[in-house]
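*Asks:* Submitted below is the structure of interest, expressed as C-alpha cells.
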Amino acid sequence: MILLICISGIMISLIRPYDKAIITKGTISEKLKYAYESDQKDRRQLRSFLGYFSDLEDRDFKRLNQIKTIRKSNNLKKPRDKFYAAFIYHHGDTSIDYKIASKLAAEAAQDEFLKDDFEVQWLRKATYDRYLLSVGKQEKYNTQNRWSFNIE
C-alpha cells in the first residue's frame, strides 16, 4: 500500500503542470520576486531533473529574458530586486550572465539590511565562483561543488 502511494505521488508530480515561469503584470519588484520564486519552485520539482518531463531550460530562458529586459531599462534599483535578478542570471549559461549575476549579487550584499541575510551573502560568493569557473579560473569560495559550507 505504501509503495502504491509513493508511486502515485511520483506519477502525479511528473504530470502536474508548472506554474507560469513569469508574470507580465505588476511592479518591477513583483515581477522579479515572482521570477525568483518560480525559479526556486521549479528546482524543487522532480520533473525538472528528468529530461523528457522537464521544461526547466525553456523556463530559465524566459525568466532570464524578462530580467534582461528589466535590467536594460535601468530599473534595478532596490537591493532585494538586485538579489532576485542575480539569482536568475546565475542560472544563465554564459560567462557574461555569470558576471552580471556576480555584480548584482555583490551590490545587493552590500546593503545594510541584507548584510546578515545568509542567502544574499551566499549568492554573492556563488555567483563570483561560477563566473571564475566559466572563464577557466579557480573558484575562490568553493561554492560550486556538492559539499560546500562556510562557517564564519
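The values are calculated or read from the model by the stated rules, or taken from the named source; none is laboratory data. Note that the coordinates shown come from a computational prediction; the quantities given were computed from them, not determined experimentally. Here the Cβ is made from the backbone with ideal geometry for all residues, glycine too, and neighbour counts use every protein chain on show. For the accessible areas, the whole protein counts, side chains as well, though only heavy atoms, and no ligand, DNA or RNA atoms are used. Shrake-Rupley method; radii C 1.70, N 1.55, O 1.52, S 1.80 Å.
*Asks:* Of everything in the stretch 7-28, what is surrounded by 10 or more Cβ atoms within 10 Å (Cβ to Cβ) and not in a loop (DSSP other than H, G, I, E, B)? Give them in sequence order.
*Replies:* Ile7, Ser8, Gly9, Ile10, Met11, Ser13, Leu14, Ile28
*Asks:* Evaluate the stretch 110-117: report whether one residue or more is buried (at least 17 other Cβ atoms within 10 Å of the Cβ), under 14 Å from the mean Cα position of the chain (by Cα) and modelled with pLDDT of 95 or more.
*Replies:* no
*Asks:* I've got another one for you. Quick check on the stretch 92-101. Is at least one of its residues more than 11 Å from Leu32 (Cα to Cα), open to solvent by 40 Å² or more (accessible area, probe 1.4 Å), modelled with pLDDT of 95 or more and part of a loop (DSSP other than H, G, I, E, B)?
*Replies:* yes
*Asks:* Of the residues that sit in the stretch 63-84 and are in a helix (DSSP H, G or I) and out of contact with any helix residue (DSSP H, G or I) (no Cβ under 9 Å at 6 or more places or on another chain), which one is most open to solvent (accessible area, probe 1.4 Å)?
*Replies:* Lys72
*Asks:* Consider Ala126 carefully, then state whether it is in contact (Cβ under 8 Å) with a residue 12 or more places away in the chain, out of contact with any Gly (no Cβ under 8 Å at 6 or more places or on another chain), of a type in the set (Gly, Ala, Ser) and under 17 Å from Leu32 (Cα atoms).
*Replies:* In short, no.
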